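> Have a look at this one before I ask anything.
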Amino acid sequence: MTLQPPPAEELDELEDLCVELAREAGRLIVDERPPDLGVARTKSTATDIVTVMDQRAQDLLRTRIQRARPHDGFLGEEEGGVAARSEITWVVDPIDGTVNYLYGIPAYAVSVAATVGDPTTDGAWAPVAGAVVNPVTGELFHARQGGGAWLRTSGGPGRRLRLGEPPTLALALAGTGFGYEAARRRWQARVLGDVLPQVRDIRRIGSAALDICAVAAGTLDCYFERGLNPWDMAAAWVVVTEAGGVFSGLDGHGPGDRMVVAGAPGLHAELEAVLSAAAERAGQE
Ligand code: IPD
(Lines give C-alpha, C1' and ligand atoms only; values in the text may rest on other atoms or scores of the structure.)
Protein backbone atom coordinates (compact mmCIF):
# COMPACT_ATOMS: atom_id res chain seq x y z
CA MET A 1 0.00 0.00 0.00
CA THR A 2 1.38 3.43 -0.96
CA LEU A 3 0.65 6.15 1.53
CA GLN A 4 1.20 9.66 0.22
CA PRO A 5 3.05 11.97 2.64
CA PRO A 6 2.12 15.67 2.79
CA PRO A 7 4.42 18.24 1.09
CA ALA A 8 7.78 19.05 2.76
CA GLU A 9 6.62 22.38 4.17
CA GLU A 10 3.68 20.72 5.96
CA LEU A 11 5.95 17.91 7.18
CA ASP A 12 8.20 20.52 8.82
CA GLU A 13 5.19 22.06 10.58
CA LEU A 14 3.99 18.64 11.73
CA GLU A 15 7.43 17.77 13.12
CA ASP A 16 7.64 21.10 14.98
CA LEU A 17 4.20 20.51 16.47
CA CYS A 18 5.14 16.96 17.54
CA VAL A 19 8.21 18.35 19.35
CA GLU A 20 6.35 21.22 21.02
CA LEU A 21 3.48 19.02 22.21
CA ALA A 22 5.64 16.13 23.41
CA ARG A 23 7.68 18.61 25.48
CA GLU A 24 4.59 20.24 26.94
CA ALA A 25 2.94 16.93 27.91
CA GLY A 26 6.31 15.73 29.24
CA ARG A 27 6.48 18.73 31.59
CA LEU A 28 2.94 18.01 32.80
CA ILE A 29 3.56 14.36 33.69
CA VAL A 30 6.81 15.16 35.53
CA ASP A 31 5.70 18.36 37.31
CA GLU A 32 2.40 16.90 38.43
CA ARG A 33 3.47 13.34 39.21
CA PRO A 34 2.32 12.84 42.81
CA PRO A 35 5.50 12.45 44.90
CA ASP A 36 3.99 9.62 46.95
CA LEU A 37 3.07 7.52 43.91
CA GLY A 38 5.68 4.89 44.74
CA VAL A 39 4.44 4.64 48.32
CA ALA A 40 0.90 4.11 47.10
CA ARG A 41 1.85 1.39 44.68
CA THR A 42 0.68 -1.51 46.82
CA LYS A 43 -2.82 -0.04 46.73
CA SER A 44 -5.12 -0.23 43.73
CA THR A 45 -5.33 3.58 43.84
CA ALA A 46 -1.78 3.81 42.48
CA THR A 47 -2.90 2.49 39.11
CA ASP A 48 -5.79 4.95 39.14
CA ILE A 49 -3.43 7.87 39.74
CA VAL A 50 -1.34 6.80 36.75
CA THR A 51 -4.50 6.47 34.64
CA VAL A 52 -5.56 9.97 35.69
CA MET A 53 -2.15 11.40 34.66
CA ASP A 54 -2.31 9.44 31.38
CA GLN A 55 -5.75 10.86 30.63
CA ARG A 56 -4.77 14.42 31.62
CA ALA A 57 -1.70 14.37 29.39
CA GLN A 58 -3.68 12.89 26.50
CA ASP A 59 -6.45 15.50 26.91
CA LEU A 60 -3.80 18.24 26.80
CA LEU A 61 -2.39 16.77 23.57
CA ARG A 62 -5.84 16.42 21.99
CA THR A 63 -6.89 19.96 22.90
CA ARG A 64 -3.68 21.47 21.49
CA ILE A 65 -3.88 19.41 18.29
CA GLN A 66 -7.53 20.28 17.70
CA ARG A 67 -6.73 23.95 18.18
CA ALA A 68 -3.78 23.88 15.76
CA ARG A 69 -5.25 21.45 13.18
CA PRO A 70 -9.02 21.11 13.64
CA HIS A 71 -9.57 18.70 10.72
CA ASP A 72 -7.01 16.08 11.75
CA GLY A 73 -7.95 12.82 13.44
CA PHE A 74 -6.71 11.72 16.85
CA LEU A 75 -5.96 8.31 18.33
CA GLY A 76 -4.49 7.81 21.79
CA GLU A 77 -4.03 5.10 24.37
CA GLU A 78 -6.74 6.59 26.59
CA GLU A 79 -10.34 7.53 25.84
CA GLY A 80 -11.25 10.28 23.37
CA GLY A 81 -10.46 9.39 19.73
CA VAL A 82 -11.50 11.76 16.91
CA ALA A 83 -12.15 10.70 13.27
CA ALA A 84 -10.06 12.50 10.65
CA ARG A 85 -11.49 15.00 8.16
CA SER A 86 -8.01 15.52 6.65
CA GLU A 87 -5.23 13.14 5.55
CA ILE A 88 -3.56 13.27 8.97
CA THR A 89 -4.34 11.32 12.14
CA TRP A 90 -2.34 12.02 15.29
CA VAL A 91 -1.32 8.94 17.24
CA VAL A 92 -0.15 9.65 20.79
CA ASP A 93 0.94 7.80 23.89
CA PRO A 94 0.74 10.24 26.82
CA ILE A 95 2.90 7.99 29.05
CA ASP A 96 4.75 5.11 27.40
CA GLY A 97 6.33 3.12 30.20
CA THR A 98 3.55 3.51 32.75
CA VAL A 99 5.02 0.92 35.13
CA ASN A 100 8.30 2.88 35.21
CA TYR A 101 6.26 6.04 35.84
CA LEU A 102 4.52 4.34 38.75
CA TYR A 103 7.80 3.20 40.31
CA GLY A 104 9.70 6.42 39.57
CA ILE A 105 12.16 4.70 37.19
CA PRO A 106 13.34 7.45 34.79
CA ALA A 107 12.55 5.56 31.58
CA TYR A 108 9.15 6.72 30.42
CA ALA A 109 8.18 8.90 27.50
CA VAL A 110 5.57 10.98 25.74
CA SER A 111 5.17 9.90 22.13
CA VAL A 112 3.46 12.13 19.55
CA ALA A 113 3.17 11.24 15.86
CA ALA A 114 1.39 12.52 12.78
CA THR A 115 0.35 9.60 10.56
CA VAL A 116 -1.30 8.94 7.20
CA GLY A 117 -3.69 6.09 6.45
CA ASP A 118 -5.78 4.22 9.02
CA PRO A 119 -3.77 3.69 12.22
CA THR A 120 -6.36 1.24 13.57
CA THR A 121 -5.48 -1.29 10.82
CA ASP A 122 -2.05 -2.95 10.73
CA GLY A 123 -0.33 -2.38 7.38
CA ALA A 124 -2.67 0.48 6.40
CA TRP A 125 -0.84 3.42 7.94
CA ALA A 126 2.57 5.02 8.45
CA PRO A 127 3.95 7.90 10.52
CA VAL A 128 5.14 10.99 8.64
CA ALA A 129 6.50 12.94 11.64
CA GLY A 130 7.06 12.16 15.29
CA ALA A 131 8.68 13.09 18.58
CA VAL A 132 9.50 10.98 21.64
CA VAL A 133 10.63 12.76 24.80
CA ASN A 134 11.95 11.31 28.03
CA PRO A 135 10.89 14.21 30.26
CA VAL A 136 13.15 13.14 33.14
CA THR A 137 16.44 12.99 31.22
CA GLY A 138 15.41 15.68 28.71
CA GLU A 139 16.28 13.45 25.75
CA LEU A 140 14.13 14.30 22.76
CA PHE A 141 14.07 12.23 19.57
CA HIS A 142 12.32 13.62 16.52
CA ALA A 143 12.01 13.06 12.79
CA ARG A 144 9.87 13.64 9.78
CA GLN A 145 9.81 11.69 6.51
CA GLY A 146 12.80 12.74 4.42
CA GLY A 147 14.23 15.08 7.09
CA GLY A 148 16.54 12.77 9.05
CA ALA A 149 16.34 11.68 12.68
CA TRP A 150 17.53 13.95 15.49
CA LEU A 151 18.36 13.68 19.17
CA ARG A 152 18.34 16.77 21.37
CA THR A 153 19.28 16.83 25.00
CA SER A 154 18.36 19.63 27.44
CA GLY A 155 20.19 22.76 26.43
CA GLY A 156 22.41 20.92 23.95
CA PRO A 157 22.49 21.19 20.16
CA GLY A 158 20.69 18.57 18.07
CA ARG A 159 22.63 15.54 16.87
CA ARG A 160 21.69 13.81 13.64
CA LEU A 161 21.22 10.07 14.17
CA ARG A 162 22.57 7.63 11.61
CA LEU A 163 22.88 3.91 12.17
CA GLY A 164 26.40 2.61 11.70
CA GLU A 165 27.56 -0.79 10.51
CA PRO A 166 25.67 -3.24 12.76
CA PRO A 167 27.25 -6.11 14.66
CA THR A 168 26.24 -9.69 13.87
CA LEU A 169 23.28 -10.99 15.85
CA ALA A 170 25.61 -12.95 18.14
CA LEU A 171 27.19 -9.64 19.25
CA ALA A 172 23.99 -7.59 19.29
CA LEU A 173 22.33 -6.04 22.33
CA ALA A 174 18.61 -6.55 21.75
CA GLY A 175 15.75 -4.73 23.43
CA THR A 176 12.35 -6.28 23.91
CA GLY A 177 9.23 -5.96 26.02
CA PHE A 178 6.33 -7.99 27.33
CA GLY A 179 2.58 -7.52 27.21
CA TYR A 180 0.29 -7.44 30.20
CA GLU A 181 -1.62 -10.71 29.65
CA ALA A 182 -0.40 -14.05 31.02
CA ALA A 183 -1.01 -16.03 27.78
CA ARG A 184 0.92 -13.48 25.73
CA ARG A 185 3.79 -13.50 28.23
CA ARG A 186 4.03 -17.31 28.02
CA TRP A 187 4.31 -17.04 24.24
CA GLN A 188 6.88 -14.22 24.54
CA ALA A 189 8.90 -16.30 27.02
CA ARG A 190 9.00 -19.22 24.56
CA VAL A 191 10.26 -16.95 21.78
CA LEU A 192 12.76 -15.29 24.12
CA GLY A 193 14.07 -18.75 25.02
CA ASP A 194 15.06 -19.20 21.37
CA VAL A 195 16.48 -15.67 20.89
CA LEU A 196 18.45 -15.27 24.12
CA PRO A 197 21.16 -17.87 23.33
CA GLN A 198 21.72 -16.20 19.95
CA VAL A 199 22.40 -12.58 21.03
CA ARG A 200 24.96 -10.75 23.19
CA ASP A 201 22.25 -9.93 25.72
CA ILE A 202 18.70 -8.69 26.20
CA ARG A 203 17.40 -5.45 27.76
CA ARG A 204 13.82 -4.91 28.93
CA ILE A 205 13.78 -1.17 29.60
CA GLY A 206 10.00 -0.76 29.87
CA SER A 207 9.13 1.81 27.20
CA ALA A 208 8.77 0.59 23.64
CA ALA A 209 9.04 4.15 22.26
CA LEU A 210 12.38 4.71 24.04
CA ASP A 211 13.62 1.24 23.05
CA ILE A 212 13.00 1.86 19.35
CA CYS A 213 14.60 5.33 19.58
CA ALA A 214 17.56 3.67 21.36
CA VAL A 215 18.10 1.60 18.21
CA ALA A 216 18.20 4.86 16.23
CA ALA A 217 20.74 6.29 18.71
CA GLY A 218 22.86 3.11 18.82
CA THR A 219 22.35 2.42 22.54
CA LEU A 220 20.54 -0.78 21.53
CA ASP A 221 21.47 -2.68 18.38
CA CYS A 222 18.01 -4.03 17.66
CA TYR A 223 14.55 -4.47 19.13
CA PHE A 224 11.57 -6.78 18.81
CA GLU A 225 8.23 -7.14 20.51
CA ARG A 226 4.86 -8.74 19.92
CA GLY A 227 1.67 -6.93 20.85
CA LEU A 228 2.60 -3.26 20.41
CA ASN A 229 -0.19 -0.80 19.84
CA PRO A 230 0.04 1.99 17.21
CA TRP A 231 0.67 4.60 19.92
CA ASP A 232 3.65 2.64 21.34
CA MET A 233 5.46 2.65 17.99
CA ALA A 234 4.18 5.52 15.77
CA ALA A 235 6.69 8.28 16.58
CA ALA A 236 9.67 5.99 17.18
CA TRP A 237 9.01 4.21 13.86
CA VAL A 238 9.75 7.38 11.84
CA VAL A 239 12.77 8.15 14.06
CA VAL A 240 14.40 4.75 13.48
CA THR A 241 13.69 4.61 9.75
CA GLU A 242 14.97 8.17 9.26
CA ALA A 243 18.16 7.08 11.07
CA GLY A 244 18.59 4.41 8.38
CA GLY A 245 17.02 1.48 10.23
CA VAL A 246 14.46 -1.06 9.06
CA PHE A 247 11.18 -1.31 10.96
CA SER A 248 8.92 -4.20 10.01
CA GLY A 249 6.86 -7.15 11.06
CA LEU A 250 7.69 -10.76 10.17
CA ASP A 251 7.72 -12.54 6.81
CA GLY A 252 7.24 -9.46 4.62
CA HIS A 253 4.47 -7.95 6.77
CA GLY A 254 4.51 -4.40 8.06
CA PRO A 255 4.98 -3.70 11.77
CA GLY A 256 1.89 -4.48 13.84
CA ASP A 257 0.37 -6.37 16.71
CA ARG A 258 1.90 -9.71 15.62
CA MET A 259 5.50 -8.45 15.79
CA VAL A 260 7.75 -5.45 15.29
CA VAL A 261 11.44 -5.81 14.47
CA ALA A 262 13.86 -2.85 14.34
CA GLY A 263 17.53 -2.66 13.43
CA ALA A 264 20.11 -1.75 10.80
CA PRO A 265 19.56 -3.63 7.51
CA GLY A 266 21.85 -6.69 7.89
CA LEU A 267 21.15 -7.23 11.58
CA HIS A 268 17.43 -6.70 11.08
CA ALA A 269 17.35 -9.52 8.49
CA GLU A 270 19.25 -11.86 10.82
CA LEU A 271 16.95 -11.12 13.78
CA GLU A 272 13.81 -11.41 11.66
CA ALA A 273 14.83 -14.87 10.44
CA VAL A 274 15.46 -16.05 14.02
CA LEU A 275 12.15 -14.56 15.23
CA SER A 276 10.22 -16.05 12.36
CA ALA A 277 11.48 -19.54 13.20
CA ALA A 278 10.97 -18.94 16.95
CA ALA A 279 7.40 -17.69 16.42
CA GLU A 280 6.62 -20.77 14.34
CA ARG A 281 8.01 -23.05 17.06
CA ALA A 282 6.18 -21.14 19.82
CA GLY A 283 2.83 -21.93 18.18
CA GLN A 284 -0.40 -20.25 19.25
CA GLU A 285 -0.65 -17.97 22.25
C1 IPD B 1 4.11 -0.54 27.31
C2 IPD B 1 5.61 -0.28 27.23
C3 IPD B 1 6.38 -1.56 27.37
C4 IPD B 1 5.97 -2.58 26.35
C5 IPD B 1 4.47 -2.84 26.42
C6 IPD B 1 3.71 -1.53 26.26
P7 IPD B 1 2.57 1.40 28.26
O8 IPD B 1 3.39 0.64 27.08
O9 IPD B 1 5.92 0.32 25.99
O10 IPD B 1 7.76 -1.36 27.22
O11 IPD B 1 6.66 -3.77 26.60
O12 IPD B 1 4.13 -3.73 25.40
O13 IPD B 1 2.32 -1.79 26.37
O14 IPD B 1 1.49 0.45 28.69
O15 IPD B 1 3.52 1.67 29.35
O16 IPD B 1 2.05 2.64 27.60
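> Just to be sure I understand, how many residues within the stretch 242-254 are surrounded by fewer than 24 Cβ atoms within 10 Å (Cβ to Cβ), on the phi < 0 side of the Ramachandran plot and free of Cβ contacts under 8 Å to residues at least 60 places away in the same chain?
Residues flagged as surrounded by fewer than 24 Cβ atoms within 10 Å (Cβ to Cβ), on the phi < 0 side of the Ramachandran plot and free of Cβ contacts under 8 Å to residues at least 60 places away in the same chain within the stretch 242-254 amount to 3.
> Would you mention how many residues in the stretch 216-253 are assigned to a strand (DSSP E or B), hydrophobic (A, V, I, L, M, F, W, C), closer than 27 Å to GLY158 by Cβ and within 16 Å of the ligand (Cβ to nearest atom)?
So the count comes out to 2.
> Still on this structure, I have one more. Cβ-Cβ under 6 Å, sequence separation 6+ or interchain: first residue in the stretch 202-231 and more than 15 Å from ALA109 (Cβ to Cβ), partner near the ligand (Cβ under 8 Å from one of its atoms) and at pLDDT below 95. Which pairs?
GLY227/GLY179
> Sticking with this one: May I ask you to list the residues in the stretch 58-98 that are in contact with a helix residue (DSSP H, G or I) (Cβ under 8 Å, 6 or more places away or on another chain) and either outside the structural domain of LEU14 (by TED's automatic domain parsing) or hydrophobic (A, V, I, L, M, F, W, C) (or both)?
LEU60, LEU61, ILE65, ALA68, PHE74, LEU75, VAL82, ILE88, TRP90, VAL91, VAL92, ILE95
> Out of the stretch 256-265, which residues are part of a loop (DSSP other than H, G, I, E, B) and touching a residue at least 60 places away in the same chain (Cβ under 8 Å)?
Residues satisfying the conditions are GLY256, ASP257, ARG258, ALA264.
> Okay, moving on. Take the residues in the stretch 97-126 that are more than 14 Å from the ligand (Cβ to nearest atom) and hydroxyl-bearing (Ser, Thr, Tyr); name whichever of them is nearest to GLN145 (Cα to Cα).
Restricting to residues being more than 14 Å from the ligand (Cβ to nearest atom) and hydroxyl-bearing (Ser, Thr, Tyr), the top hit is THR115.
> Please specify each residue of the stretch 58-89 satisfying the condition of being assigned to a strand (DSSP E or B) and within 16 Å of the ligand (Cβ to nearest atom).
LEU75, GLY76
The values are calculated or read from the model by the stated rules, or taken from the named source; none is laboratory data. None of these values were measured; they are calculated from a predicted model. Heads up, the Cβs are rebuilt from the backbone with ideal geometry, glycines too, and the neighbour counts pull from every protein chain shown.
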